[in-house]
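What follows is a set of notes on a single structure, which appears directly below.
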Amino acid sequence: MDTKPDLKLVGMAHVDGQELLCGECGNGFSLEIHKHGFREVSPAWISCLSCGKGEDSTVITNGLVDAVLAGWQQRRKDADRDIFTAEWRGIVMTGELYPTFDFHQAVGAAKAVHEVAAPEVKAWWRSKKRAAKAQMKEKAGAVTGAAKGKAKETADAAREKAGEAVSTAKATALTTAWTLQTGGAGPTTSVKPKRQRCTVKGCRGGKVTISTRIHSATGKTREVKIPCGVCHRSSS
């Protein structure tokens, strides 16, 4: 016999209107039913979770257990409670089983989670897309701004060179016109003769500084500037 129960009852179950109870302790709220043997008419095994005892049932057979399990296919949409009514060879059994979580209920739960989470996921993806677009736009703007700045610098440099070329052309044209009109004559420039340096030692600007006491009223030596006898006479 498999240790896993085929039916795990919740609350009180009834067979043909009679309460299904443990034959040892009389408990009817925590019973498990196991199929016992291979024949449909063989009695099922009932174990009590309250006292831990078990026995062959006198009212439940393997066929009745199969009928309860077969009816579960129609009850599986109800994920909260599994209330059943099964009949086998005129024997009617009613009760409630612990809910069984199967593949179909898993799909239903996944759909429910998807319905709740899908809007949040979509909003998250939209925010990510907006951030990515804004970042790409910012980078494109930076590249465009740099290109515009480079183009402006190039245009300014070309404009400056063009201005210099125009100025040079104007100067060349004026020089050519002046040469044609005057035959190359230009304003005379007088050359200033180079001033000759005085050969007298100590002469600075036509003055010679000497130390003497003769010209001092106090009789002390003092420095006196007198006209140079060489360059002063030559310049006069």
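The values are calculated or read from the model by the stated rules, or taken from the named source; none is laboratory data. Treat the numbers as computed from the prediction; the structure is a model and nothing was measured. All Cβ positions, even for glycine, are placed from backbone atoms using ideal geometry, and neighbour counts span all protein chains on display.
Quick check on my filter: what residues within region 1-26 are assigned to a loop (DSSP other than H, G, I, E, B) and crowded, with 16+ Cβ neighbours inside 10 Å?
Within region 1-26, the first condition is being assigned to a loop (DSSP other than H, G, I, E, B), and the residues that meet it are 1-6, 10-13, 16-17, 20-26.
Listed by number, the residues that qualify are P5, D6, V10, A13, L20, L21, C22.
The residues of region 31-60 that are among the hydroxyl-bearing types (S, T, Y) and in contact with a Lys or Arg (Cβ under 9 Å, 6 or more places away or on another chain), listed by number, are S42, S47.
Of all residues in region 78-105, those satisfying the criterion of being in a loop (DSSP other than H, G, I, E, B) and modelled with pLDDT of 85 or more are R89, G90.
Consider region 27-51. How many of its residues are of a type in the set (V, I, T) and assigned to a loop (DSSP other than H, G, I, E, B)? Reasoning before the result, please.
At the first step, the residues of region 27-51 found to be of a type in the set (V, I, T) are 33, 41, 46.
Now narrow it down to the ones that are assigned to a loop (DSSP other than H, G, I, E, B): 41.
Qualifying residue count for the region: 1.
Here is a check on your reading of the model: is A134 in a helix (DSSP H, G or I) and modelled with pLDDT under 75?
No, not satisfied.
Being in a loop (DSSP other than H, G, I, E, B) and within 60 Å of the chain's Cα centre (by Cα), is that true of even one residue in region 52-73? Please lay out each step first, then the result.
Within region 52-73, the first condition is being in a loop (DSSP other than H, G, I, E, B), and the residues that meet it are 52-53.
Now narrow it down to the ones that are within 60 Å of the chain's Cα centre (by Cα): none.
Checked against the condition, which is being in a loop (DSSP other than H, G, I, E, B) and within 60 Å of the chain's Cα centre (by Cα), region 52-73 yields no hits at all.
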